[in-house]
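Right, one structure below, let's go through it.
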Amino acid sequence: MNGLEARLTLERPGFRLELAVEVARGETVALLGPNGAGKSTAIAVLSGLLAPTPGRVVLGGRVLDDTAARVHVDPARRRVGVVFQDLQLFPHLSVRDNVAFAAWVGSRSRRRGRMRAQEWIERFSLEALADARPRELSGGQAQRVALARALASEPDALLLDEPMSALDVEARADARAELAEHLRGFDGPTVLVTHDLADAEALAGRALVLEGGRVTQAATLAELRAAPATPYVARLVGAGA
Amino acid sequence: MLASASPDRRPRPSALLVAVAAIGVGVLVLPLVALLVRVPWPELPGLLASGPVLEALGLSFLTASISTLVCVVLGVPLAVVLAHADTWRTLPRRLLRTAVTVPLVLPPVIGGIALLMLFGRSGVLGPALAALGVGLPFTTPAVVIAQTFVALPFLVFAVEGALRGLDRRIEQAAATLGASRMQTFALVTVPTVGPAIAAGAILCFTRALGEFGATITFAGSLPGVTRTLPIASYLALQSEPGDAMALAVVLLAVSVLVLLVLRDRWAPGITR
């Protein structure tokens with residue numbers, strides 16, 4: 001398959017993450033779980049910020065991690081886009097330069113970066129905000145910029161770590177619809193980390209439930225609802241009903 | 001911080017404490033008030049325009065600017081290394097931190113003697129420098145070296161503090177967007193701690209401008225070459241007290257200006 005295949009463990013003092021996940025091109029898989037389950041750690045390993053101990057990550061046929069073969073591709077060369085939990089927009093750069101950042105460092109030219117970013121500024125309806133600084137943006141606008149910045153790096157895969165967490169409840173529904181539309185336009189595999197069942201239902205077809213560093217259920221969202229495998233999943237689908 | 005978090009908890013200081021504190025304020029403020037009282041204000045413009053005063057002014061601002069630049073160039077990478085030294089073994093980490101701290105606590109005259117022992121004619125590097133035809137002591141570059149020696153820690157600690165407060169994930173975000181480590185440093189880290197670099201540079205400049213002991217020991221007091229503002233002011237006190245006052249007012253004005261420019265966000269605790 002051409003998507004993302006990961007089979008990894010990550011050993012930390014007092015914590016062990018074990019994860020096997022396959023995501024096809026154009027598919028979004030949700031990684032659900034309570035706080036401390038290892039969701040963000042999984043994102044850190046998939047994006048190359050942490051090396052698995054041991055593990056193997058393959059993306060579109062490219063081996064990104066293979067501890068047996070001592071392969072570890074660092075984040076800058078993985079072509080994996082990340083929307084971080086608190087977005088991590090560059091505070092000193094305008095919206096335009098945030099979106100242009102990947103093309104800027106790739107071409108070593110701020111001007112060329114801006115030219116290539118223009119398409120993304122338009123696609124995300126950011127023209128009016130292009131010269132604003134991140135601190136001037138609302139939560140929903142900042143989230144849109146973070147997604148545009150990640151997609152503008154033309155990644156082979158997209159990782160979204162709680163992308164809605166900065167938004168209030170009312171803004172979430174709109175943001176979800178918008179995110180779903182942008183994900184439809186992205187043809188790589190997407191992993192969405194969330195602890196909100198509504199996010200998963202709106203954006204993903206399948207879900208992995210991560211509890212205490214282990215996958216406790218892997219199923220479609222309909223199956224999760226019909227047959228929750230653990231008390232956590234039962235509470236999750238109960239609360240969402 | 002604590003006081004503003006719970007303003008009612010802290011008991012009001014007793015009258016005795018307030019009285020002692022008032023003496024403390026007097027110790028800090030009265031000398032400066034006295035200086036301002038005795039300055040011959042009407043003659044000040046003329047004094048400032050006089051040859052020796054102008055010469056010292058120009059030399060001081062030139063050397064302090066150069067040493068501030070040197071401090072930024074050397075100090076920012078040093079601050080980065082220091083901020084990452086937590087992963088080192090204890091001994092090298094403490095040695096490095098001590099080396100950076102020493103100029104802050106060392107009497108500047110001793111710093112000047114140490115610089116002579118390194119660069120002087122009979123110093124450790126003296127013969128090698130002489131062979132190259134370079135004689136540093138008692139030259140304008142010696143002034144810059146002395147100022148850099150005493151001012152560098154201010155830049156390093158200001159920037160190191162900001163780097164420690166920096167969320168490392170913003171650098172990780174840059175990496176996931178394809179930035180190399182040098183690009184991340186230049187395009188994200190440095191601009192993000194830019195205000196701290198500016199604050200550190202201003203502190204450096206002030207410290208360099210006021211430098212006396214290390215300069216007079218290592219660079220001497222040659223008019224127009226190494227006689228900086230504080231040295232000229234000290235020497236003028238004997239013969240031309242008016243000149244001394246004029247120079248003192250300039251230094252005082254620069255210090256006050258620095259306090260005004262350094263706002264809370266740049267150097268919390270200094271200007272609160």
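The values are calculated or read from the model by the stated rules, or taken from the named source; none is laboratory data. The shown structure was predicted, so the numbers you read here are calculated from the model rather than taken from an experiment. All Cβ positions, glycine included, derive from the backbone under ideal geometry; neighbour counts span all protein chains shown. The accessibility values were calculated without ligands, DNA or RNA, using every heavy atom of the protein model including side chains. Shrake-Rupley method; radii C 1.70, N 1.55, O 1.52, S 1.80 Å.
Legend: residues B:182, B:117, sorted from most to least accessible area (1.4 Å probe; ligands, DNA and RNA excluded), read B:182, B:117. Look at the stretch A:98-106: the mean tally of other chain Cβ atoms within 10 Å of its residues' Cβ atoms is 4.
Could you tell me which of rounded, prolate or oblate describes segment B:214-267, using a ≥ b ≥ c as the square roots of the eigenvalues of the alpha-carbon gyration tensor, with rounded for a/c under 1.5 and, failing that, prolate when a/b is larger than b/c and oblate otherwise? Here segment B:214-267 falls in the oblate category. Here the spin labels are modelled as points 7 Å beyond Cα on the Cα-Cβ line, and at residue A:2 and residue A:184 they lie 2.1 nm apart.
In order along segment B:21-30, the Karplus-derived 3J(HN,Hα) couplings, from 6.51 cos²θ - 1.76 cosθ + 1.60 at θ = phi - 60°, round to 4, 4, 4, x, 4, x, 4, 6, 9, 4 Hz, and Gly and Pro are given as x. Shielding by partners for peptide B:166-174, expressed as the average number of C-beta atoms from other protein chains within 10 Å of each residue's C-beta, is 6. Highest GNM mean-square fluctuation among B:249, B:156, B:81, for chain B modelled with Cα contacts below 10 Å: B:81. Among the trypsin sites (Lys or Arg not before Pro) in segment B:84-125, those located in a DSSP loop and surrounded by at most 13 other Cβ atoms within 10 Å of their own Cβ are B:89, B:121. Could you give the distance between the Cα centres of segment B:189-219 and segment B:10-70, to the whole Å? Cα centres, segment B:189-219 to segment B:10-70: 18 Å.
If you run the Gaussian network model on chain A, springs between alpha carbon atoms under 10 Å, then out of A:210, A:159, A:224 the most flexible one is A:224.
Taking a ≥ b ≥ c as the square roots of the Cα gyration tensor eigenvalues, with a/c under 1.5 meaning rounded and otherwise prolate when a/b beats b/c, else oblate, which class fits chain A?
oblate
When DSSP beta bridges are restricted to pairs lying wholly in the protein assembly as shown, around 60% turn out antiparallel.
For segment B:100-174 versus segment A:173-241, the spacing of their alpha-carbon centroids is 57 Å.
Farthest towards the positive end of the charge dipole of segment B:57-226, among the residues B:82, B:112, B:126, is the Cα of B:82, using unit charges on the Cβ of Lys, Arg, Asp and Glu.
With the charge dipole of segment B:57-226 set up from +1 on Lys and Arg Cβ and -1 on Asp and Glu Cβ about the Cα centre, the Cα lying farthest toward the positive end among the listed residues B:157, B:64, B:224 is that of B:157. Shielding value for A:82-93 is 5, the average number of Cβ atoms from other chains within 10 Å of each residue's Cβ.
Of all the options B:101, B:184, B:148, the one that moves most in a Gaussian network model of chain B with Cα springs shorter than 10 angstrom is B:184. Computed with a 1.4 Å probe over protein heavy atoms only, the accessible area of residue A:196 comes to about 40 Å². Take the Cα of residue B:37, step 7 Å toward its Cβ, do the same at residue A:12, and the gap between the two points is 6.5 nm.
Neighbours of residue B:174 by Cβ distance under 11 Å: Lys/Arg scored +1, Asp/Glu scored -1, total +3.
Projecting the Cα atoms of A:68, A:125, A:164 onto the charge dipole of chain A, computed from C-beta unit charges around the Cα centre, puts A:68 farthest toward the positive end.
Here's how it looks for residue A:132: its modeled amide H is under 5 Å from those of A:95, A:96, which are all 5 or more places away or on a different chain. Positive contributions from Lys and Arg (+1) and negative ones from Asp and Glu (-1), summed over other residues with Cβ under 14 Å from the Cβ of residue A:148, come out at -1.
Solvent-accessible area of residue B:33, all protein chains in place: 70 Å² (probe radius 1.4 Å, heavy atoms, ligands and nucleic acids excluded). Only the Cβ atoms of Lys and Arg (+1) and of Asp and Glu (-1) were treated as charged; on that basis the dipole of segment B:57-226 about its Cα centre amounts to roughly 360 debye.
Surface listing: A:149, A:123, B:38 arranged by accessible area from highest to lowest gives B:38, A:123, A:149, probe 1.4 Å.
Stretching the chain fully between residue B:105 and residue B:128 yields a gain of 5.3 nm (0.36 nm per residue, less the alpha carbon separation).
Shape of segment B:20-176 from its Cα gyration tensor (a ≥ b ≥ c, root eigenvalues): rounded if a/c is under 1.5, otherwise prolate when a/b > b/c, or oblate? Oblate, since a/c reaches 1.5 and b/c is not below a/b. Ordered by 1.4 Å accessible area with all protein chains kept, A:195, A:92 run largest first as A:195, A:92.
The alpha carbon centroids of segment B:221-236 and segment A:92-122 are separated by 52 Å. Taking Cβ atoms as reference points and 15 Å as the exclusive limit, the residues near residue B:72 contribute a net charge of 0, counting Lys and Arg as +1 and Asp and Glu as -1.
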